[in-house]
Amino acid sequence: MRYIDIAAFRPANTWSINARRLGALLSKLSCRARKKKLSKVRLWGKIKKELLIYGNHKCWYSECKSQGFHYSVDHFRPKNAVRESPSHPGYWWLACDYTNYRISCQWCNSDKKGSHFPLIDEKKRCQSVSDPITRESPVLLDPTNPADVKLLTFKIDGSATSSCEDSDGRVETSIKMLWLNNIGFVEARKSLFKEISMDIELAERYPKEQRFKDAILRHLRPDAEYSAAAIACVKTYRDKEFINRMLVSIDLVE
């Protein structure tokens, strides 16, 4: 999971106009009519291509480019229902808000997350547009939150895990609910770790051969598949001076 600055994204003016119109219409409908309307409109689908490009053509949760098959626009806060709160109408007022959109592969969204949206404190869940969304503390890690992204890391066996003490269970729940440790993702990360480890060994053995260092750097780029896992792998070699210099050069030293 790499940080996505959704606030810097700018949709086309025509899309924004249509979003405002749909939002105004939804606010006038009954709950039943609103759910029916939201099940038919595909406003977010019309912005999927732009979001895919903005997010480097990969799932914002898993960073897969090929393992998850189909990409969709996930509503981080579900638009029509909330599994953890059966009486909740869904965050319909955010259905037209692109800052609530996340590009997701099929494995992370349709097969797992869906309408799930657990909170640390269920009593603080927003029920309407008038409730300040900032009062909520989501359990699920959010790729558009830089602090959340830092909570996730990866082991040498390819599995996702917490980078620190997971006292509130956010990382564990996110890994399960987003299916970040399904066999496809784990095996792909494990293979990546082996490839990077080999490149590091060759870069150390042949220090004048820049191609091995360039190969490592390519895996660390934001547009690379599973780049967060690649960063976790490279950081295990920080005892090597050339790796430290490499991390400093791309601002990956904390």
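The values are calculated or read from the model by the stated rules, or taken from the named source; none is laboratory data. Bear in mind that the values here come from a model prediction, so they are computed numbers and not experimental data. When we count neighbours, we look across all protein chains shown, and the Cβ atoms used for this are built from the backbone with ideal geometry, even at glycine.
Values computed for the structure shown
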quantity	calculated
Verdict on residue 107 being touching a residue at least 60 places away in the same chain (Cβ under 8 Å), in contact with a strand residue (DSSP E or B) (Cβ under 6 Å, 6 or more places away or on another chain) and assigned to a loop (DSSP other than H, G, I, E, B)	no
Among residues of segment 199-217, those that are loosely packed, with under 13 Cβ neighbours inside 10 Å and assigned to a helix (DSSP H, G or I), counted	5
Matching residues in segment 221-239 - criterion: being among the charged types (D, E, K, R), surrounded by 14 or more Cβ atoms within 10 Å (Cβ to Cβ) and either in contact with a Ser or Thr (Cβ under 6 Å, 6 or more places away or on another chain) or more than 15 Å from residue 149 (Cβ to Cβ) (or both)	225
Segment 158-175 - residue that is out of contact with any helix residue (DSSP H, G or I) (no Cβ under 6 Å at 6 or more places or on another chain) and touching a residue at least 24 places away in the same chain (Cβ under 8 Å) and, of those, surrounded by the most Cβ atoms within 10 Å (Cβ to Cβ)	174
Top-ranked residue in segment 110-138 [being in a helix (DSSP H, G or I) and of a type in the set (S, T, N, Q); ranked as modelled with the lowest pLDDT]	110
Where residue 161 falls short, out of the listed (1) part of a loop (DSSP other than H, G, I, E, B); (2) hydroxyl-bearing (Ser, Thr, Tyr); (3) within 26 Å of residue 118 (Cα to Cα)	(1)
So residue 166, is it part of a loop (DSSP other than H, G, I, E, B) and modelled with pLDDT of 95 or more	no
Candidates 12, 8, 19, 33, filtered to the one that is over 23 Å from residue 104 (Cβ atoms) and of a type outside the set (Asp, Glu)	33
Flag for residue 193 being over 23 Å from residue 115 (Cα atoms), in contact (Cβ under 8 Å) with a residue 60 or more places away in the chain and surrounded by 16 or more Cβ atoms within 10 Å (Cβ to Cβ)	no
Some residue of segment 120-135 being touching an Asp or Glu at 6+ places or on another chain (Cβ under 8 Å), surrounded by 15 or more Cβ atoms within 10 Å (Cβ to Cβ), of a type outside the set (Gly, Ala, Ser) and in the same structural domain as residue 55 (by TED's automatic domain parsing)	yes
First in segment 75-91 and on the phi > 0 side of the Ramachandran plot and in a loop (DSSP other than H, G, I, E, B), second anywhere and crowded, with 17+ Cβ neighbours inside 10 Å and of a type in the set (A, V, I, L, M), Cβ under 7 Å, 6 or more apart	90/81; 90/82
Hits in segment 11-57 (condition: assigned to a helix (DSSP H, G or I), in contact (Cβ under 8 Å) with a residue 60 or more places away in the chain and of a type in the set (Gly, Ala, Ser))	19, 23
Some residue of segment 77-92 being farther than 22 Å from residue 159 by Cα, of a type outside the set (Ser, Thr, Tyr), surrounded by fewer than 24 Cβ atoms within 10 Å (Cβ to Cβ) and under 14 Å from the mean Cα position of the chain (by Cα)	yes
